[in-house]
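The values are calculated or read from the model by the stated rules, or taken from the named source; none is laboratory data. Everything numeric here is computed off the predicted structure, so don't read it as measured data. Note: ideal-geometry Cβ built from the backbone for every residue, glycine included; neighbour counts use all protein chains shown. The accessibility values were calculated without ligands, DNA or RNA, using every heavy atom of the protein model including side chains. Shrake-Rupley method; radii C 1.70, N 1.55, O 1.52, S 1.80 Å.
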Amino acid sequence: MTRERILVIDDEAGLRHTLQLILGDEGYEVLTANDGEEGLRIALAERPDLILCDVRMPRLDGLGFVERYQAAGAGGLIIVMSAYGTLDSAIQAMRLGAYDYISKPFNADEVLLALRKAGERESLRREVRRLRARVGEAEGFEQVIGHSPAIREVLDLAARVAPYPTTVLITGESGTGKEAIARAIHRASPRAGMPFVGINCGAIPENLLESELFGHEKGAFTGAERAREGLFLEADNGTLFLDEIGELPMPLQVKLLRALQERRVRPVGGSQERPIDVRVLAATSRDLVEEVEEGRFREDLFYRINVIHLHLPPLRTRPEDVAALAEHFLRRHAERLGIETGPVPPPLIPVLAHYSWPGNVRELENVVERALVLSGGAIEEQHLPPHVRTASPPFQIPVDGDDLSVKRRLPALERELIARALERTRGNRTRAAELLELSTRALSYKIQEYAID
């Protein structure tokens, strides 16, 4: 079992030493500081479970420490101690966020009793967070629609990793629901009650992205009229979702790697680092292995974020999920728009299932909303976009006689899939490679092998 960590802040060296001996004998891990400034620095860096803090100290007194510690959003319980214990100072300390108050001189039993009460409260608080996380798990992953074996496998792995602060890399084509999975992981984690902060790394100009992530000091650059905390600090004790991390510029990849390894961030223009406790979930539609091979993504950062890998399969590979997703989107948008409607008409299910959905789940949602608006509630096939209505059924290789050789049939299937991907992307090999889940190099080789025009 991990030992509880206690920080003792007092300007009396003898008292610090005495408490260190007493608490050490009781099994606590004890840190010490001789004033409020040093105590604040240690508290934010080491994140103790409990803090014993004197009121009267040089540089920064105990009440100032409590105020600044609470403003930083740290979570340790504070017990204030003072030889000048008046009711006013006790009330003020409690108002600022201290858990308890003891007066000097005190004996060992008084200190240990106060710490045990605080420890019991902290255990109860952790149990509440754990139970909330279990409720969140049930609620969170049930909100991800899909019954196909492929998506259930992803959800099962996501549910297993959710309780731990492990970094997760979520990959998949655009529109497959990567952010939905990230939010479900957050809701099912012990951090569910803390912030979930997301950023699209490809949507913010490079010269502003560092400030967005790490913050900046006043005057750090033109227009920085006041200091600003970045998203890492905004997500402290919670989850930071880095969408399209494959778009991150190389210089920022270095700084991100350091932040993940050191668990500290330094604002632009700042000289002091600040500790962070952030769980990072990253997502990308790019092939990061290929990006590493081409020198566009750092190999060490790739291995740092790729602790657990979740790959969301494209919707065209799981047509059995289309009906449930369409029904979900129909109910959602009917409620939002105030339109009365029934379930998705059964004749539309095979029409929707035959379409390949290059935009994946996001495209399906848009199609359902469009049909709902155009129909006023009674959806028919005519309300679907023409390219969805006229989509051909999935490709099937004809089997001649008794020739069931997989070895002889697979090349024909592969050639057909490549030809269709190139047709759909109007010859864009990069996009076609994404649809086929191949590297562009492998696709070029196969185009040459099959003599595809």
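Structure values in brief
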item: Qualifying positions in segment 279-291 - among the hydrophobic types (A, V, I, L, M, F, W, C) and either open to solvent by less than 20 Å² (accessible area, probe 1.4 Å) or modelled with pLDDT of 95 or more (or both); result: Val280, Leu281, Ala282, Ala283, Leu288
item: Cross-chain or 6+ apart pairs with Cβ under 7 Å, segment 16-44 first and within 22 Å of Asp109 (Cα to Cα), then open to solvent by 20 Å² or more (accessible area, probe 1.4 Å) and of a type in the set (Val, Ile, Thr); result: Arg16/Thr32; Gln20/Val30; Gln20/Thr32; Leu23/Val30; Gly24/Val30; Leu31/Ile42
item: Long-range neighbours under 7 Å by Cβ, at least six apart or interchain, first residue farther than 14 Å from Thr284 by Cα and part of a loop (DSSP other than H, G, I, E, B) within segment 300-313, second open to solvent by less than 20 Å² (accessible area, probe 1.4 Å) and polar (S, T, N, Q); result: Val307/Thr167
item: Any hit, segment 210-219, residues being open to solvent by 50 Å² or more (accessible area, probe 1.4 Å) and among the small types (Gly, Ala, Ser); result: yes
item: Those helices (runs of 4 or more DSSP H) lying entirely in segment 332-391 with at least 3 residues surrounded by 15 or more Cβ atoms within 10 Å (Cβ to Cβ); result: 348-354, 360-375
item: Some residue of segment 277-285 being without any contact (Cβ under 8 Å) to a residue 60 or more places away in the chain and within 26 Å of Tyr69 (Cα to Cα); result: yes
item: Complete set of residues in segment 254-271 that are touching a Lys or Arg at 6+ places or on another chain (Cβ under 7 Å) and within 17 Å of Glu234 (Cα to Cα); result: Leu260, Arg264, Val265
item: Residue identified as aliphatic (A, V, I, L, M) and open to solvent by 10 Å² or more (accessible area, probe 1.4 Å) among Ala192, Ala188, Ala158, Ala184; result: Ala192
item: Members of segment 32-59 that are more than 30 Å from the chain's Cα centre (by Cα), open to solvent by 40 Å² or more (accessible area, probe 1.4 Å) and either within 12 Å of Ile6 (Cβ to Cβ) or of a type in the set (Gly, Ala, Ser) (or both); result: Thr32
item: Single match in Glu294, Glu229 (criterion: within 30 Å of Thr430 (Cα to Cα) and open to solvent by 80 Å² or more (accessible area, probe 1.4 Å)); result: Glu294
item: Among (1) in a helix (DSSP H, G or I); (2) buried (at least 17 other Cβ atoms within 10 Å of the Cβ); (3) in contact with a strand residue (DSSP E or B) (Cβ under 9 Å, 6 or more places away or on another chain), the one test that His17 misses; result: (2)
